[in-house]
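Asks: Below is the structure I would like to discuss, written out as structure tokens.
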Amino acid sequence: MTVSAAVQQQAGEAGLLPSHQARLDYRTGKGWSTAGVANGFVQGNLAIIPEQYAGAFHRFCQLNPKPCPIIGMSDPGNPFIPALGADLDIRTDVPRYRVWRDGEMVEEPTDLLAHWRDDLVTFVLGCSFSFEEALMADGLPIRHIEQGCRVPMYRTNIACTPSGPFAGPMVVSMRPFKPAQAIRAVQITTRFPAVHGAPVHLGHPEQIGIVDINKPDYGDPVPVAADEIPVFWACGVTPQAVISAARLPFAITHAPGLMLITDLKNKDLAVL
């Protein structure tokens, strides 16, 4: 049984939403990649930063809506965002986090209880895992889900629009498709602007600064067949590259591919 099937079976037996059950599992240290988990529910990227930088980061997201679409935001020091899930606790409900100091990733804890501060503001950004449900419903294969690994992600030469200390390259996620499938993927994901929308690039990875498609900067490599092309979407891991470049004294993100699962429904994010 897959992780996704197991989570949904447990949730059904307990009378819980699959998203709630997934958070409970991660809260107790169970589970790993969130790809394919709690199908139908929105997953989010995390950027948790001190309040003094929150205004500049909020503007950065507004200037760069493709990689950084905001779906939730906390009050300073508050680890709860009820609009995303009544029981949701930012400090415990993600499989693995990253702690950053002076632009360097220094720790990957499974909870933030020892790191939480009263001045921290949480931004939850849309994740491409949300549109994967629509792709699979249309019969399109998702390679990293088929292989049970994390989606491959790459730093590019596409510059984000800066705001205050926040500037740097866009990160993209990649899924391989046959050309006809790629066209259909563009049509489908265009309906989901709150979770990155349409791809930013198709084929020719070297044109966006990717030297080796088999060596992602984040996540895991997946094979691209001879009759397929790589399709690239803006990715919510972009803030990790930006936070590193800004060399903030302190920040927290999720570990790439290990997301926050909310109680929002993917279908509610579609514009058509």
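Asks: I need the shape label for the chain. Rule: rounded when a/c is under 1.5, else prolate if a/b > b/c, else oblate, with a, b, c from the alpha carbon gyration tensor.
Replies: Cα axes put the chain in the oblate bin.
Asks: Next question. I'd like the carbon and sulfur percentage of the solvent accessible area for the range 129-241, probe radius 1.4 Å, heavy atoms only, ligands and nucleic acids excluded. Each step should come with its number before you reach the end.
Replies: Numbers: 2430 of 4410 Å².
Its accessible area is 55 percent carbon and sulfur atoms.
Asks: Here are some pairs, LYS30/LYS66; LYS215/LYS265; LYS66/LYS215; LYS30/LYS178; which of them have Cα atoms lying more than 28 Å apart in this structure? Mind showing how you got there, number by number?
Replies: Values: LYS30/LYS66 31 Å; LYS215/LYS265 33 Å; LYS66/LYS215 23 Å; LYS30/LYS178 35 Å.
Over 28 Å Cα-Cα: LYS30/LYS66; LYS215/LYS265; LYS30/LYS178.
Asks: 5 Å is the cut-off here: which amide hydrogens, built 1.01 Å from N in the peptide plane, fall below it relative to ALA255, excluding neighbours closer than 5 in sequence?
Replies: Answer set, sorted by chain and number: ARG96, TYR97, ARG98.
Asks: Subtracting the Cα-Cα distance from 0.36 nm times the residue separation, let me have the gained length for LYS178 to THR190 in nm, one decimal.
Replies: 2.5 nm
Asks: Which FRET efficiency, nearest 0.05, do GLU146 and ASP75 yield, Cβ-Cβ r, R0 35 Å?
Replies: It comes out at approximately 0.30.
Asks: Work out how much length GLU107 to TRP32 would gain on full extension: take 0.36 nm times their residue separation and subtract the Cα-Cα distance, in nm to one decimal. Working shown, then result.
Replies: On the way: separation 75, 0.36 × 75 = 27.00 nm, distance 1.69 nm.
Extra length from GLU107 to TRP32 when fully extended: 25.3 nm.
Asks: Once phi is turned into ³J(HN,Hα) by the Karplus curve 6.51 cos²θ - 1.76 cosθ + 1.60 with θ = phi - 60°, what whole-Hz value does each residue of the range 143-159 show in order, with x for glycine and proline?
Replies: Coupling constants for the range 143-159: 4, 5, 6, 4, 9, x, 10, 7, 5, x, 9, 9, 6, 10, 9, 7, 7 Hz.
Asks: Taking θ = phi - 60°, what integer Hz values does the Karplus form 6.51 cos²θ - 1.76 cosθ + 1.60 yield along the range 249-265, in sequence order, with x for Gly and Pro?
Replies: Couplings: x, 7, 6, 9, 9, 7, 6, x, x, 10, 9, 8, 9, 9, 8, 5, 9 Hz.
Asks: Using the basic label-point model (7 angstrom from Cα toward the beta carbon), what is the ARG117 to ALA86 distance in nanometres?
Replies: The modelled label-to-label distance comes out at 3.4 nm.
Asks: Amide H to amide H under 5 Å from ILE158: which residues, 5+ apart in sequence or cross-chain, H placed 1.01 Å off N in plane?
Replies: Under 5 Å from the amide H of ILE158: MET170.
Asks: Each residue of the range 168-177 in order: what ³J(HN,Hα) in whole Hz does its phi give by Karplus 6.51 cos²θ - 1.76 cosθ + 1.60, θ = phi - 60°, with x for Gly and Pro?
Replies: With coefficients 6.51, -1.76 and 1.60, one gets x, x, 6, 9, 10, 9, 10, 9, x, 9 Hz.
Asks: Right, something else. If a paramagnetic tag sat 7 Å from the Cα of ALA245 along the Cα-Cβ line, which residues of the range 155-180 would have the backbone N under 14 Å from that point?
Replies: It comes to 155-172, nothing else.
Asks: Answer rounded, prolate or oblate for the range 117-166, using the Cα gyration tensor with square roots of eigenvalues a ≥ b ≥ c: rounded when a/c is under 1.5, else prolate when a/b is larger than b/c, else oblate.
Replies: Prolate, because a/c is 1.5 or more and a/b exceeds b/c.
Asks: Where is the GNM fluctuation largest for the chain (alpha-carbon springs, 10 angstrom cutoff): ALA225, ALA38, ALA255?
Replies: ALA225
The values are calculated or read from the model by the stated rules, or taken from the named source; none is laboratory data. Just so it is clear, the model here is predicted, and its values are computed rather than measured. Virtual Cβ from ideal backbone geometry, glycine too; neighbours counted across all protein chains shown. Keep in mind that these areas ignore ligands, DNA and RNA; they rest on the heavy atoms of the full protein, side chains included. Shrake-Rupley method; radii C 1.70, N 1.55, O 1.52, S 1.80 Å.
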